[in-house]
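The values are calculated or read from the model by the stated rules, or taken from the named source; none is laboratory data. Only a predicted model underlies this, so the values are computations on that prediction, with no experimental measurement involved. Reconstructed Cβ throughout: ideal geometry from the backbone, glycine too, with neighbour counts over all protein chains shown. Surface areas here come from the heavy atoms of the whole protein model, side chains and all, with no ligands, DNA or RNA. Shrake-Rupley method; radii C 1.70, N 1.55, O 1.52, S 1.80 Å.
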Amino acid sequence: TLSIDTVDCIGCGMCISKCPNTVLKQVDGKAMIDLTKLNQCDLNGECVRTCPTQVVSLTSRKLELKVEA
């Protein structure tokens, strides 16, 4: 899951510049996630490491598949 705390985002654009697949964009001076491109996120976390205010987060979890017999 990729998320941005837009309340504390300072709009510097650092995370956006590190996103090779343009999943992040700037809207009204804040970094936002383009939900139409979210599936293109490469999950490398460069946007998280680059953010000076630590408002960008990326979490992952394994999906458990249930197989019913």
Legend entry - Meets criteria (at pLDDT below 95 and either open to solvent by less than 100 Å² (accessible area, probe 1.4 Å) or aromatic (Phe, Trp, Tyr) (or both)) for Cys41: yes
Legend entry - Residue, most open to solvent (accessible area, probe 1.4 Å), within segment 44-69, restricted to residues that are within 15 Å of Val23 (Cα to Cα), touching a residue at least 40 places away in the same chain (Cβ under 8 Å) and aliphatic (A, V, I, L, M): Leu58
Legend entry - Residue tally, condition open to solvent by 80 Å² or more (accessible area, probe 1.4 Å) and either within 13 Å of the chain's Cα centre (by Cα) or within 14 Å of Val55 (Cα to Cα) (or both), over segment 14-32: 6
Legend entry - Failed condition for Gly11, given (1) open to solvent by 60 Å² or more (accessible area, probe 1.4 Å); (2) of a type outside the set (A, V, I, L, M, F, W, C); (3) assigned to a loop (DSSP other than H, G, I, E, B): (1)
